[in-house]
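The values are calculated or read from the model by the stated rules, or taken from the named source; none is laboratory data. Computed from a predicted model, the values in this text were never measured in an experiment. Counting neighbours? That spans all protein chains shown, and the Cβs are built from the backbone with ideal geometry, glycine included. Keep in mind that these areas ignore ligands, DNA and RNA; they rest on the heavy atoms of the full protein, side chains included. Shrake-Rupley method; radii C 1.70, N 1.55, O 1.52, S 1.80 Å.
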Amino acid sequence: MKKAVLGGAAVATLLAALFAPEDEGSIVGPATATTRQVERVAPPPLVVAAAAPQTNRALAIEPRRGLDDEEAATLFAKQSWQPETPKKIMLDQQAAQAALPVARVDANAPPPLPFQFLGRFVDEGKAAYFLQAGERNVVARPGDTLEERYRFDGVVQGALQFTYLPLNLKQTLAVGDLN
């Protein structure tokens, strides 16, 4: 197929060379410019009315004023998006907790619960609760033993109830509305 196309192209080139006109001596001459006379008409006279003076102060140019010392001092100060109030509240709370006397630990009291409530999932009528213990995430269902010291008993009056197994004492984790 390629040979036929190439052969056809070669034959067409030869025929074009044979039948080309032999008028090699004709050169196109330079273009000639023609001019025509255009009648120029003077524009109508421009009527200028006296303009009223502008009193718009918003467009007035005023000299540049310098920065006062307070503005200059805060020009390159450290900026933050964090409002000052929460920082102050947190520092006040930390100071108040540091000032509290250390409470005496009861030997028969269980340690505080190491869990934080993250959420709940219900599948086919069975609820699973997502908890966080330190850096680990835990899925708890009623009856599960967690961290070898706690048993998850279930939900009682809107709070998760655990049993601290070494002392067999009940502890609750308030979580709010579980809808």
Check which residues have an amide H placed less than 5 Å from Thr172's amide H, if you skip close sequence neighbours. Phe162
Which percent of the accessible area of the range 135-179 is formed by carbon and sulfur heavy atoms (probe 1.4 angstrom)? 43 percent
3J(HN,Hα) from dihedral phi, the range 66-80, Karplus parametrisation 6.51/-1.76/1.60, rounded to Hz, x for glycine, proline: x, 7, 7, 4, 5, 5, 5, 5, 9, 4, 10, 6, 5, 10, 8
Grab the beta carbon distance between Ala107 and Ala159, set R0 = 30 Å, and tell me the FRET efficiency rounded to 0.05. 0.75
